[in-house]
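What follows is a single structure, written as structure tokens, with notes after it.
Nothing in this text is a laboratory measurement; each read-out follows from the coordinates by a stated rule. Note that the structure is predicted; figures quoted are calculated from it, not measured. Cβ: placed from backbone, ideal geometry, glycine included. Neighbour counts: every protein chain shown.
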Amino acid sequence: MLLYQLTQWFEERTSLQKALQVGGADGSGDLQLRIQEVEDQLYSQAERWKKSIEESSYLKFPYEAPHLDDDMVL
């Protein structure tokens, strides 16, 4: 569901940018505002993903048995 929502935001952003390029100055303020809103949603979701990844990495246990490795690391 999340990827679907992100895809929808990217598609909306792309279509708004195309409309802005084609339309010129007519309603450009509204289009730019909506583009900014969509980009804010995308950045917000990226930050949520980043936080969840960082939080999950804290839950991992540290590696405590390097003597069991096959590779010799110098």
query: What FRET efficiency, computed as 1/(1 + (r/R0)^6) with R0 = 35 Å and r the Cβ-Cβ distance, is obtained for SER56 and VAL22, rounded to the nearest 0.05?
result: 0.20
task: Using θ = phi - 60° and the Karplus relation 6.51 cos²θ - 1.76 cosθ + 1.60, list the HN-Hα couplings for segment 12-19 in order, rounded to whole Hz, with x at every Gly or Pro.
output: 4, 4, 5, 5, 5, 5, 5, 5
Largest-first principal axis extents of the Cα set of segment 1-58 (Å): 50, 19, 12
